[in-house]
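K.L.:
Please see the structure below; I have some questions.
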Amino acid sequence: MKVTLLGTGTSAGIPVLTCRCAVCQSEDFRDKRLRCAALVEWSDAVLAIDAGPDFRQQLLRAAPRTLDAVVFTHEHKDHVAGLDDIRPFNFLQGKKISVYATERVEAALRREYHYIFSGEDYPGIPEIELHLIDDKPFQVAGHLIIPIKAMHHKLPVLGFRIGNFAYITDANRIEEEEFQKLRDLDVLILNALRRTPHISHFSLDEAIALAQRIGARYTFFTHISHQMGLHAEVESQLSPGMGLAYDGLSFVWGEDGSLQINHRTKGWPPE
Ligand SMILES: [Zn+2]
Ligand SMILES: [Zn+2]
């Protein structure tokens, strides 16, 4: 299994339009963050976690051979705005793309993509097969996905555990009963927006405390705002086993369960 972080920025991305701060002007490629999403590739299927406004650009970079499914964490625009970009995969594969969403996310998709659900088979619309999910484990092409319940201020959101990998974005609280699902992780990707508190996202300190409690071998923080500071500076202050995520960071698990972390040393073309 390979997991690639397609985007690690908060809703505005980095650089933020019009902003002239040091982070937004940084030449370090790790300070350039598209909106949050991840790609999970198995030998027989490819799953995207969220499909935000940068989805097309992200898939040009990651260049998966196929796309079989999309699972949504929640319905905010920075996580769902790219659903139209599945269309080339519809054409290529000649099949519908499976979309996994809670009832609440489905309602938002029906509003935002009314033409997908209109019943009129207009050529060129994304073709999806919708699967309703809740907090119970489900399978994507035979691979087990375990939802993790979290809160994004008042909005219930889902994180996901897949094998020894877990992905929790856009949250400021994880339900107590969910911690048992987060044992023995190799890699935890966890939301940390910035250093100062925020109403609907973990701050860096809150995320660090949570990461220590969960105790994954490696934790990388995501959904990062330009207010977090320069990647290199923040990263240098973190304990071993913790880091800031960045776009293109990827993880590969071998058949024997061994983990390899692929750190990029330069930008991720096409820039
Ligand atoms: Zn978000
Ligand atoms: Zn959100």
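K.L.:
Test Leu230 against the criterion of being more than 30 Å from Glu175 (Cβ to Cβ) and either in contact with a Ser or Thr (Cβ under 8 Å, 6 or more places away or on another chain) or surrounded by 14 or more Cβ atoms within 10 Å (Cβ to Cβ) (or both), and give yes or no.
P.N.:
Answer is yes for this residue.
K.L.:
Now, a different point. Being within 14 Å of the chain's Cα centre (by Cα) and either aromatic (Phe, Trp, Tyr) or crowded, with 21+ Cβ neighbours inside 10 Å (or both), is that true of even one residue in region 25-33?
P.N.:
Checked region 25-33: at least one residue is within 14 Å of the chain's Cα centre (by Cα) and either aromatic (Phe, Trp, Tyr) or crowded, with 21+ Cβ neighbours inside 10 Å (or both).
K.L.:
Would region 133-151 turn up any residue that is touching a helix residue (DSSP H, G or I) at 6+ places or on another chain (Cβ under 8 Å) and farther than 30 Å from Leu259 by Cα?
P.N.:
no
K.L.:
Right, here's the next one. Given the conditions (1) touching a Gly at 6+ places or on another chain (Cβ under 6 Å); (2) without any contact (Cβ under 8 Å) to a residue 60 or more places away in the chain, report the number of the one that Ser200 does not fulfil.
P.N.:
(1)
K.L.:
Has region 31-48 got at least one residue that is out of contact with any His (no Cβ under 8 Å at 6 or more places or on another chain), modelled with pLDDT of 95 or more, over 26 Å from Trp253 (Cα atoms) and more than 16 Å from ligand 2 (Cβ to nearest atom)?
P.N.:
Checked region 31-48: at least one residue is out of contact with any His (no Cβ under 8 Å at 6 or more places or on another chain), modelled with pLDDT of 95 or more, over 26 Å from Trp253 (Cα atoms) and more than 16 Å from ligand 2 (Cβ to nearest atom).
K.L.:
Just wondering, is there one or more residues in region 131-146 that are of a type in the set (Val, Ile, Thr), within 15 Å of ligand 2 (Cβ to nearest atom) and surrounded by fewer than 20 Cβ atoms within 10 Å (Cβ to Cβ)?
P.N.:
No; the residues of region 131-146 include none that is of a type in the set (Val, Ile, Thr), within 15 Å of ligand 2 (Cβ to nearest atom) and surrounded by fewer than 20 Cβ atoms within 10 Å (Cβ to Cβ).
K.L.:
So, in region 230-250, how many residues would count as being farther than 21 Å from Arg56 by Cα and under 19 Å from the mean Cα position of the chain (by Cα)?
P.N.:
Looking only at that region, the number is 4.
K.L.:
Any residue that is within 12 Å of ligand 1 (Cβ to nearest atom) and modelled with pLDDT of 95 or more - is there at least one of those in region 80-102?
P.N.:
Looking through region 80-102, at least one residue is within 12 Å of ligand 1 (Cβ to nearest atom) and modelled with pLDDT of 95 or more.
K.L.:
From Asp68, Asp44, Asp50, Asp31, which residue is in contact with a helix residue (DSSP H, G or I) (Cβ under 7 Å, 6 or more places away or on another chain) and more than 16 Å from ligand 1 (Cβ to nearest atom)?
P.N.:
Every option except Asp31 fails the conditions.
K.L.:
Residues of region 151-191 being over 20 Å from Val105 (Cβ atoms), in contact (Cβ under 8 Å) with a residue 40 or more places away in the chain and of a type in the set (A, V, I, L, M), which ones?
P.N.:
Across region 151-191, the qualifying residue is only Val187.
K.L.:
I've got another one for you. Which of the numbered conditions does Arg217 fail, given that it passes all the others? Conditions: (1) under 22 Å from Val40 (Cβ atoms); (2) crowded, with 22+ Cβ neighbours inside 10 Å; (3) over 17 Å from the mean Cα position of the chain (by Cα).
P.N.:
With (1) under 22 Å from Val40 (Cβ atoms); (2) crowded, with 22+ Cβ neighbours inside 10 Å; (3) over 17 Å from the mean Cα position of the chain (by Cα) applied to Arg217, the lone miss is (2).
K.L.:
For Glu75, work out the one condition from (1) buried (at least 20 other Cβ atoms within 10 Å of the Cβ); (2) within 16 Å of ligand 2 (Cβ to nearest atom); (3) not hydrophobic (A, V, I, L, M, F, W, C) it doesn't fulfil.
P.N.:
Answer for Glu75: the failing condition is (1).
Let's see how each residue does on (1) within 15 Å of ligand 1 (Cβ to nearest atom); (2) out of contact with any helix residue (DSSP H, G or I) (no Cβ under 8 Å at 6 or more places or on another chain); (3) among the small types (Gly, Ala, Ser); (4) farther than 28 Å from Ser258 by Cα:
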position: Val157; (1), (2), (3), (4): yes, yes, no, yes
position: Ile168; (1), (2), (3), (4): yes, yes, no, no
position: Glu178; (1), (2), (3), (4): no, yes, no, no
position: Ile189; (1), (2), (3), (4): yes, yes, no, no
position: Arg217; (1), (2), (3), (4): no, yes, no, no
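K.L.:
Yes or no: region 115-128 includes at least one residue that is part of a helix (DSSP H, G or I), surrounded by 16 or more Cβ atoms within 10 Å (Cβ to Cβ) and more than 14 Å from ligand 2 (Cβ to nearest atom).
P.N.:
Checked against the condition, which is being part of a helix (DSSP H, G or I), surrounded by 16 or more Cβ atoms within 10 Å (Cβ to Cβ) and more than 14 Å from ligand 2 (Cβ to nearest atom), region 115-128 yields at least one hit.
K.L.:
Related question: Counting only residues that are within 16 Å of Pro137 (Cβ to Cβ) and polar (S, T, N, Q), which one in region 155-187 is surrounded by the most Cβ atoms within 10 Å (Cβ to Cβ)?
P.N.:
Among those residues, the one meeting the criterion is Asn164.
K.L.:
Next question. Output the qualifying pairs, or none if there are none: Cβ atoms under 9 angstrom, residues six or more apart or on different chains, first residue in region 28-47 and under 22 Å from Leu144 (Cα atoms), second residue modelled with pLDDT under 95.
P.N.:
Qualifying pairs under 9 Å: Glu41/Arg65; Val46/Arg65.
The values are calculated or read from the model by the stated rules, or taken from the named source; none is laboratory data. A quick note: this is a predicted structure, and the numbers were derived from the prediction, not measured. All Cβ positions, even for glycine, are placed from backbone atoms using ideal geometry, and neighbour counts span all protein chains on display.
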